[in-house]
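Encoded as structure tokens, the structure appears first; notes follow it.
The values are calculated or read from the model by the stated rules, or taken from the named source; none is laboratory data. Here the structure is a predicted model, which is why all the values come from computation and not from measurement. No Cβ is skipped: glycine too gets one built from the backbone with ideal geometry, and neighbour counts run over all protein chains shown. With ligands, DNA and RNA removed, areas are computed over all heavy atoms of the protein, side chains included. Shrake-Rupley method; radii C 1.70, N 1.55, O 1.52, S 1.80 Å.
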Amino acid sequence: MKCFYAPETETHDPIFRLTYGKIQRNAEQAERAKLLLAGLDALSLSVTEPGRAPIAALETVHTKRFLKFLETAWDEWQKQPDAGPEVVPNVFPRAATSSYPHTILAKAGWHMGDTSAPIGQHSWQAALRAADCAIAATDAVLAGDDTAYALCRPAGHHTSAEIAAGHCLLNNAAIAAARLRTAHDRVAIFDIDVHHGNGTQDIFYDRGDVLTASIHADPTDYYPFFTGFADETGSGNGEGYNLNLPLPRTTTDAAWLAAIDTALDRIATFNPGALVLSLGLDTHEDDPLLGMKVSWDGLRRAGEKIAAAGYPTVIVQEGGYLTPSLTTSLTSFLSGYLGAKIPALERN
Ligand SMILES: [Zn+2]
């Protein structure tokens with residue numbers, strides 16, 4: 001399995017995070033990459049640095065003004081008197097009549113859904129390189145590879161067409177899905193991160209050609225709070241093509257794996273030509289964000305189930321935060337996935 005990683009993504013190492021009125025260290029730390037790379041290494045999977053994709057590959061899901069904002073925000077921010085080291089909004093548009101703003105502070109509020117995805121000096125380049133990893137993995141699958149893995153940092157699934165949030169800047173999985181659509185009539189995105197993939201849902205909500213399915217902790221008392229409920233099923237042409245399976249935060253392996261079966265059944269009915277897997281490892285019981293209580297064996301069995309579905313698959317890394325367990329979470333999932341994939345290939 002080809003794996004893609006760009007060391008430049010480590011230059012995005014955000015500091016700021018605000019929770020319950022307390023300023024805390026941001027959870028999306030560059031050290032995550034080292035823990036994930038150790039997991040790939042343990043499975044003797046080598047990484048390749050991706051080439052640079054044209055900006056047009058991002059414009060398939062993001063607006064031009066959002067991309068311009070990400071590119072220029074830090075420089076503009078530094079021109080302000082007494083600016084902090086990272087772009088973090090402190091005003092947000094709420095009215096239905098909101099107008100696109102002119103100042104960098106207000107643009108930050110427009111294009112950032114919360115305070116947890118700060119933009120530092122190198123964040124734009126890091127986000128571009130993370131997207132490059134997803135694009136290279138997609139191109140490997142389009143060229144005939146069965147599966148490819150993209151170690152993307154920052155993650156992407158909370159970012160919509162023009163609003164970054166939740167540690168995410170560019171929506172790498174959505175970019176991959178849009179690229180797969182150039183060769184397949186129907187593409188599915190399966191999001192097993194512990195948080196609802198609200199940005200991905202938003203991007204494809206009115207489309208029937210990209211099925212989005214997300215299994216996550218119940219947003220009643222967990223991020224992203226405002227979306228991820230079971231009654232969000234799509235709109236217009238997308239009606240019936242969005243599946244949310246929220247689960248309690250006490251969820252352990254059996255209920256989580258049953259939800260994976262349910263989602264895979266829906267995906268099978270949809271019959272996609274290819275799959276994007278938004279692989280968050282923050283469902284694991286040791287994850288510091290305390291979303292669910294899935295074990296390493298649960299992750300391994302999830303890998304087996306998703307591999308057995310048999311779709312050409314782009315695996316895009318989403319969450320999974322700082323704990324020494326993160327390495328084993330990745331090896332558990334991938335060993336299940338690759339173990340199930342190899343016998344399936346030998347049968348063909
Ligand atoms: Zn997450």
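Ordered by residue, what ³J(HN,Hα) values in Hz, to whole numbers, does the stretch 189-201 give under the Karplus form 6.51 cos²θ - 1.76 cosθ + 1.60, where θ = phi - 60° and Gly and Pro are x?
Using θ = phi - 60°, the values come out as 10, 10, 10, 10, 4, 6, 9, 4, x, 5, x, 4, 4 Hz.
Amide H neighbours of GLY166 under 5 Å, at least 5 residues apart or on other chains, H built in the peptide plane: list them.
ASP114, SER116, ALA117
Run a plain Debye calculation on the stretch 136-199 (Cα atoms as equal point scatterers, no solvent) and give log10 I(q)/I(0) at q = 0.11, 0.13, 0.16, 0.26 Å⁻¹, rounded to two decimals, same order as the q list.
Log10 of I(q)/I(0), two decimals: -0.26, -0.36, -0.54, -1.19.
With the alpha-carbon atoms as the only input, what is the per residue convex hull volume for the stretch 228-348 in Å³?
Value for the stretch 228-348: 109 Å³ per residue.
Under a Cβ-Cβ cut-off of 12 Å, what is the net charge of the residues other than GLY238 that fall near it, where Lys and Arg count +1 and Asp and Glu count -1?
Cβ neighbours under 12 Å give a net charge of -4.
If I take every Cα pair under 8 Å that is 6 or more residues apart in the stretch 63-213, average their sequence separation and divide by the length, what percent do I get for the relative contact order?
Worked out over the stretch 63-213, it gives 19 percent.
When Lys and Arg each count +1 and Asp and Glu each count -1, what net charge do the other residues less than 9 Å away from ALA33, Cβ to Cβ, add up to?
Residues close to ALA33 contribute a combined charge of +1.
Based only on Cα atoms, what mean projected area does the convex hull of the stretch 248-310 have, in nm²?
4.3 nm²
For the stretch 1-132, what size does the Cα cloud have along each of its three principal axes, sorted from largest down, in whole Å?
That gives 52, 37, 29 Å along the principal axes, largest extent first.
Express the carbon and sulfur contribution to the solvent-accessible surface of the chain as a percent, rounded to the nearest whole number, probe 1.4 angstrom.
With neighbouring chains kept in place, the figure for the chain is 54 percent.
In nm², what is the average projected area of the convex hull enclosing the Cα atoms of the stretch 195-256?
Projected area, direction-averaged: 4.0 nm².
Say each of ASP82 and TYR20 gets a label point 7 Å from the Cα, pointing the same way as Cα to Cβ; how far apart are those two points in nm?
In this crude label model, ASP82 to TYR20 measures out at 3.0 nm.
Per residue of the stretch 64-70, in order, report the coupling 6.51 cos²θ - 1.76 cosθ + 1.60 (Karplus, θ = phi - 60°) as ³J(HN,Hα) in whole Hz, putting x for Gly and Pro.
4, 5, 5, 5, 4, 4, 4
Distance check, please: which entries in LYS2/LYS305; LYS34/LYS64; LYS79/LYS107; LYS2/LYS341; LYS22/LYS293 exceed 24 angstrom between their Cα atoms?
Where the Cα-Cα span goes over 24 Å, the pairs concerned are LYS34/LYS64; LYS22/LYS293.
What percentages, rounded to whole numbers, describe P(r) for the chain computed over all alpha carbon pairs with 10 Å bin width beginning at zero?
The distribution over the chain is 6, 28, 37, 23, 6, 1, 0, given as percents.
Through the Karplus equation 6.51 cos²θ - 1.76 cosθ + 1.60, θ set to phi - 60°, convert the phi angles of the stretch 169-176 into ³J(HN,Hα) values in whole Hz; use x for Gly and Pro.
10, 9, 8, 4, 5, 5, 4, 5
Which residues' amide hydrogens lie under 5 Å from the amide hydrogen of THR147, considering only partners 5 or more residues apart or on another chain, with H built in the peptide plane?
Under 5 Å from the amide H of THR147 lie the amide H atoms of THR313, each far enough along the sequence or on another chain.
With axes computed from alpha carbons, what is the tilt in degrees of helix 123-142 against the longest principal axis of the chain, rounded to the nearest 10 within 0 to 90?
Tilt relative to the chain: about 30 degrees.
Gap in Å between the Cα centre of the stretch 204-238 and the Cα centre of the stretch 38-96?
Cα centres, the stretch 38-96 to the stretch 204-238: 23 Å.
Between rounded, prolate and oblate, where does the stretch 94-247 land on the alpha carbon gyration tensor, with a ≥ b ≥ c its root eigenvalues, rounded for a/c under 1.5, else prolate if a/b exceeds b/c?
Because a/c hits 1.5 or more and a/b fails to exceed b/c, the stretch 94-247 counts as oblate.
Could you state the angle between the C-alpha long axis of helix 253-270 and the longest principal axis of the C-alpha atoms of the chain, as a value from 0 to 90 degrees rounded to the nearest 10?
90 degrees
Please work out the Cα center distance from the stretch 253-274 to the stretch 156-201, rounded to the nearest Å.
18 Å
Over the chain, give the accessible area per residue in Å² for a 1.4 Å probe, as an integer.
Per-residue accessible area for the chain comes out at 40 Å².
Just to be sure I understand: with springs between alpha-carbon atoms less than 10 Å apart, which residue in ALA57, ALA155, ALA127 has the highest mean-square fluctuation in the Gaussian network model of the chain?
ALA57
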